[in-house]
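Trainee: Got a structure for you, questions after.
The numbers here are math on the coordinates, done by the rules we state, and not lab data. Here the structure is a predicted model, which is why all the values come from computation and not from measurement. Here the Cβ is made from the backbone with ideal geometry for all residues, glycine too, and neighbour counts use every protein chain on show.
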Amino acid sequence: MIAEERIEKLAKLAKEAGVSGEDVRAKRYVHLARKIAQRHRLKFPTELKRFTCSKCSAYLIPGRNARFRTNNKCVVISCECGACHRYPYKKRSRKMKDGKKI
Ligand SMILES: [Zn+2]
């Protein structure tokens, strides 16, 4: 599908621009990729979701424009615009019928 290819290509370009310090260009690529995903009702790729800010569309690079911290449940990513994103990495233990944990 063309839309998916475009999103992949924009993700690659955004990464290159972000790494080389062209923040405005990276923001534009991320914004375009998100708009294409919304228009075609596609899932925004997880890798891109984790490394972009949903508030300001910045491509996040740890130590430069973002802070990555972990606690015992999730990764907390703080963008320099002040937005904060939390992604869980620990699976919740499900209780079985007899009350024992798996
Ligand atoms: Zn931001």
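Trainee: Determine, yes or no, whether VAL76 is within 14 Å of the ligand (Cβ to nearest atom) and surrounded by 15 or more Cβ atoms within 10 Å (Cβ to Cβ).
Mentor: Taking the combined requirement at face value, the residue does not satisfy it.
Trainee: Here is a further query. GLU47 - would you say it is surrounded by fewer than 16 Cβ atoms within 10 Å (Cβ to Cβ), assigned to a helix (DSSP H, G or I) and either of a type in the set (Ser, Thr, Tyr) or under 11 Å from the mean Cα position of the chain (by Cα) (or both)?
Mentor: Yes; evaluated as a whole, the condition is true for this residue.
Results for (1) outside any helix (DSSP H, G or I); (2) exposed (fewer than 14 other Cβ atoms within 10 Å of the Cβ), shown as yes or no for each residue.
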residue: LYS12; (1), (2): no, yes
residue: HIS31; (1), (2): no, no
residue: ILE36; (1), (2): no, no
residue: LYS55; (1), (2): yes, yes
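Trainee: For residues that are surrounded by 15 or more Cβ atoms within 10 Å (Cβ to Cβ) and in a helix (DSSP H, G or I), tally how many sit in the stretch 14-29.
Mentor: Selection size over the stretch 14-29: 10.
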